[in-house]
């Protein structure tokens, strides 16, 4: 009987945790919440540990990303604008696009003179130098990211709807000097390495 009760409690706890949204602020703080409304300037939510409690709000300009319980995500720019067409109904978020975050850690003097443009197929995305960070939405499907300095570097990624991808830029040595490097970084590493860039 105790095993049955324990099993039921475990399932209930898992369902509660799975049904929560996660707000990730630009300073790295995380809030377990249930999003109630996405307004023009602020996000209204209830805390998961007190769902019957007061309604809280946070400025969209303070938020880096929202991970929704249904697996989709939204990334906000410095002004608090989302890179997807979100209305106030959270359930209507588009799922046909993926979020792509392109960044280049600050390597100090090493490679600082090598600056290059990054493209998604033929679409210009951003100029990458040490400490650069750029976020965008791209249509799902196979995309070839590329950059050229002395030689061309390519990275093909099959983008899945609703997912977030981190493209880590760097510099590697070539016979002619520094060349671009594009690597698909695991999400946990991408989040960690871009934490300071989002502040």
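The values are calculated or read from the model by the stated rules, or taken from the named source; none is laboratory data. On a predicted model such as this, the values are computed, not experimentally measured, just so you know. Note: ideal-geometry Cβ built from the backbone for every residue, glycine included; neighbour counts use all protein chains shown.
Can you give me the number of residues within the range 102-143 that are surrounded by 14 or more Cβ atoms within 10 Å (Cβ to Cβ), touching a strand residue (DSSP E or B) at 6+ places or on another chain (Cβ under 7 Å) and over 20 Å from residue 158 (Cβ atoms)?
Final tally of qualifying residues: 12.
Taking the stated definitions as given, is residue 39 assigned by TED's automatic domain parsing to the domain that holds residue 137 and either closer than 30 Å to residue 144 by Cα or modelled with pLDDT under 85 (or both)?
On the way: assigned by TED's automatic domain parsing to the domain that holds residue 137: no; either closer than 30 Å to residue 144 by Cα or modelled with pLDDT under 85 (or both): yes.
For residue 39, the condition - assigned by TED's automatic domain parsing to the domain that holds residue 137 and either closer than 30 Å to residue 144 by Cα or modelled with pLDDT under 85 (or both) - is not met.
Among (1) within 24 Å of residue 70 (Cβ to Cβ); (2) not in a strand (DSSP E or B), there is one condition residue 143 misses while meeting the rest; what is its number?
Tallying (1) within 24 Å of residue 70 (Cβ to Cβ); (2) not in a strand (DSSP E or B), residue 143 fails exactly one: (2).
For the range 151-173, what are the residues that are loosely packed, with under 14 Cβ neighbours inside 10 Å and without any contact (Cβ under 8 Å) to a residue 40 or more places away in the chain? It would help to see each step written out before you state the result.
To start, the set of residues in the range 151-173 that are loosely packed, with under 14 Cβ neighbours inside 10 Å comprises 151-152, 154, 156, 158, 160, 172-173.
151, 152, 154, 156, 158, 172, 173 - these are the residues of the range 151-173 that are loosely packed, with under 14 Cβ neighbours inside 10 Å and without any contact (Cβ under 8 Å) to a residue 40 or more places away in the chain.
Filter the range 127-140 down to the residues that are part of a strand (DSSP E or B) and within 16 Å of the chain's Cα centre (by Cα) and list them by number.
Step one: list which residues in the range 127-140 are part of a strand (DSSP E or B), which gives 127-128, 133-139.
Those that are part of a strand (DSSP E or B) and within 16 Å of the chain's Cα centre (by Cα): 133, 134, 135, 136, 137, 138, 139.
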